[in-house]
Amino acid sequence: MPAWLPAAIAIIGYARVSLDEQNPALQLDALRAGGAERVYVDHATGATMSRPQLRLALDEAQAGDVLTVWRLDRLGRSMGDLITQVNQLAARGIEFRSLTETIDTTTPGGRLTFHIFGAFSQFEREVLIDRTKAGLAAARAPGKQVGRPRLVTPERAKSARKLRDTGLSLRAIARHLRVSQATVARLLAVAP
């Protein structure tokens, strides 16, 4: 137990590796050196929402404990996701540490650093939204269609109906029209 923490507080480590073939040893060593008594390890990509070991770590954590990760990207899929997770921890009285970025919400400086990250993330999100809105408005101005092209059109529906009437399967029609079988089903549902 590090000298900077009272003895009753638990340091809970969380590690994540993207593939089963990856070795979490580097993360485990760093987390144990950082005082983690228990370490939970998920083998999942950052994009997946299913992280059962993280759920177990969060279920075990009590007010006053410290959830510790090797790097910020091990906990959150994006800065927004990370901020949400750390805010949820804070609401339960659980602190957060990232060893690589030296962010530690048990200290005033660590909380400040994390809030600065949060402010930059919010700013980036708002700028992106503004740019997207401006880009869509500019694209619509000359009457252009914005977004992906419609797959269910009256012409395509007629073609699908004619092909189906010749006895072709949904799969064959899908290949012919270069769409999915689900789209063929939708086309046939609206075809005259």
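Side notes on the structure shown:
- Index of the failed condition, Gln27 passing every other in (1) polar (S, T, N, Q); (2) modelled with pLDDT of 90 or more; (3) more than 27 Å from Phe123 (Cα to Cα); (4) open to solvent by 20 Å² or more (accessible area, probe 1.4 Å): (4)
- Residue pairs meeting the criteria (Cβ under 8 Å; at least 6 apart or on separate chains; first among the small types (Gly, Ala, Ser), in the range 1-17; second at pLDDT below 80): Ala7/Met1
- Every residue from the range 177-192 that is open to solvent by less than 80 Å² (accessible area, probe 1.4 Å), farther than 14 Å from Arg161 by Cβ and part of a helix (DSSP H, G or I): Ala182
- Restricted to the range 63-88, and to residues there that are surrounded by fewer than 18 Cβ atoms within 10 Å (Cβ to Cβ) and among the hydroxyl-bearing types (Ser, Thr, Tyr), the residue that is modelled with the highest pLDDT is Thr84.
- Per the conditions (1) under 30 Å from Thr68 (Cα atoms); (2) under 27 Å from the mean Cα position of the chain (by Cα); (3) open to solvent by 60 Å² or more (accessible area, probe 1.4 Å), the sole criterion not satisfied by Gly110 is (3).
- Long-range neighbours under 6 Å by Cβ, at least six apart or interchain, first residue within 13 Å of Arg186 (Cα to Cα) within the range 150-166, second open to solvent by less than 100 Å² (accessible area, probe 1.4 Å) and of a type outside the set (A, V, I, L, M, F, W, C): Leu151/Thr183
- Subset of the range 167-188 (residues that are out of contact with any Lys or Arg (no Cβ under 7 Å at 6 or more places or on another chain) and without any contact (Cβ under 8 Å) to a residue 12 or more places away in the chain): Gly167, Leu168, Ser169, Arg171, Ala172, Ala174, Arg175, Arg178, Ser180, Ala182
- Cβ-Cβ under 9 Å pairs, at least 6 apart or on other chains, the range 77-89 side free of Cβ contacts under 8 Å to residues at least 40 places away in the same chain and of a type in the set (A, V, I, L, M), far side open to solvent by 30 Å² or more (accessible area, probe 1.4 Å) and not in a helix (DSSP H, G or I): Leu89/Glu95
- Filtering Arg156, Arg164 for residues that are open to solvent by 90 Å² or more (accessible area, probe 1.4 Å) and part of a helix (DSSP H, G or I) leaves a single hit, Arg164.
- Some residue of the range 144-152 being farther than 30 Å from Asp29 by Cα and surrounded by 14 or more Cβ atoms within 10 Å (Cβ to Cβ): yes
The values are calculated or read from the model by the stated rules, or taken from the named source; none is laboratory data. Keep in mind it's a predicted model, so treat the numbers as computed, not measured. So basically every Cβ, Gly included, is an ideal-geometry build from the backbone, and we count neighbours across all protein chains shown. In case anyone asks, the SASA skips ligands and DNA or RNA and just uses the protein heavy atoms, side chains included. Shrake-Rupley method; radii C 1.70, N 1.55, O 1.52, S 1.80 Å.
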